[in-house]
Amino acid sequence: MTFGEQPAYLRVAGDLRRKIVDGSLPPHARLPSQARIREEYGVSDTVALEARKVLMAEGLVEGRSGSGTYVREQPVPRRVARSGYRSAGASTPFRQEQAEAGARGTWESSSEQTAAPDRIAERLGIEPGDRVMRTRYVFRDAGEAMMLSTSWEPLSVTGRTPVMLPEEGPLGGSGVVDRMAAIDVVVDNVVEEVGARPGLAEEIMTLGGVPGHVVLVVSRTYFASGRAVETADVVVPADRYRLSYHLPVR
């Protein structure tokens, strides 16, 4: 086989990827052995091994101890609705945003006071080390972890108020907009930046998936008259979910 300019291992990986995508190698099928790849493509053991590593890194195949390497069943991406801030009323923003997708959303959370790390202090416009309330969430759909979130709120805004703990008190579980309004802080703007990176080990452990899988990260900050009152990082598995934005036209 003539491979041209592209490295041989990428050409081999590309051909095997095509077979996986078109169904020639269906989910749960065993990937050809290293020896078989070497023979079929006329390449060295090193090239065959590197091609298999590429497919594994892409999450297309998985190794099973003592058995071999098999094609993974690829999930059909589901939609995670994002619609900016809104009045939550009797329902939480998470429930509102997922209702249109028919998700059965539940979540777990834990809050603690801590010192703001440098990057969070910069986003909130406070000094590094200033006290913040950090709340960690695991969001689930029908019991399956689908999204992680960590939020930080400056205690200079919420400290010693009824909304200091986001999930407790009279407005526990309500959105940032309604909680802030309860202490006369009017949220008038929200900024979201979306990026991607390999999932951290602890994220993959919670969300499920293969080490190295890509996650989408939404960095969100709420503002009131130019002052940041909450910032959060939302983490979603990129292979299982797509972010869908519903933005009003003004």
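The values are calculated or read from the model by the stated rules, or taken from the named source; none is laboratory data. Source: prediction; values computed, not measured. A quick note on method: Cβ atoms are made from the backbone with ideal geometry, for glycine too, and the neighbour counts reach across all protein chains shown. Just the protein is used for accessible areas: all its heavy atoms, side chains included, with ligands, DNA and RNA removed. Shrake-Rupley method; radii C 1.70, N 1.55, O 1.52, S 1.80 Å.
In the condition set (1) at pLDDT 90 or above; (2) in a strand (DSSP E or B); (3) surrounded by fewer than 20 Cβ atoms within 10 Å (Cβ to Cβ); (4) more than 9 Å from the chain's Cα centre (by Cα), Ser244 is compliant with all but (1).
Cβ-Cβ distances below 9 Å connect the following pairs, each with a first residue in region 43-63 that is farther than 19 Å from Asp239 by Cα and of a type in the set (Ser, Thr, Tyr), a second residue that is assigned to a helix (DSSP H, G or I) and open to solvent by less than 70 Å² (accessible area, probe 1.4 Å), and a separation of six or more residues or different chains: Ser44/Ala8. Here Gly102 meets each of (1) at pLDDT 75 or above; (2) on the phi > 0 side of the Ramachandran plot with one exception, condition (1).
Name the single residue that is farthest from the chain's Cα centre (by Cα) among those in region 163-184 being open to solvent by 40 Å² or more (accessible area, probe 1.4 Å) and of a type in the set (A, V, I, L, M). Spell out how you get there, then give the answer.
Taking region 163-184 and keeping what is open to solvent by 40 Å² or more (accessible area, probe 1.4 Å), we get 164-165, 167-171, 181-182, 184.
Those still in the list that are of a type in the set (A, V, I, L, M) too: 164-165, 171, 181-182.
Numbers: Met164: 26, Leu165: 24, Leu171: 27, Ala181: 29, Ala182: 30 Å.
Restricting to residues being open to solvent by 40 Å² or more (accessible area, probe 1.4 Å) and of a type in the set (A, V, I, L, M), the top hit is Ala182.
Before we move on, is Val132 part of a strand (DSSP E or B), modelled with pLDDT under 90 and open to solvent by less than 20 Å² (accessible area, probe 1.4 Å)? Spelling it out, it is not the case that Val132 is part of a strand (DSSP E or B), modelled with pLDDT under 90 and open to solvent by less than 20 Å² (accessible area, probe 1.4 Å). Scanning region 1-34 for residues that are without any contact (Cβ under 8 Å) to a residue 12 or more places away in the chain and either more than 21 Å from Arg72 (Cα to Cα) or touching a strand residue (DSSP E or B) at 6+ places or on another chain (Cβ under 8 Å) (or both) yields a total of 6.
Within the option set Val217, Val187, Val138, Val210, being open to solvent by less than 40 Å² (accessible area, probe 1.4 Å) and either part of a helix (DSSP H, G or I) or free of Cβ contacts under 8 Å to residues at least 60 places away in the same chain (or both) holds for one residue only, Val217.
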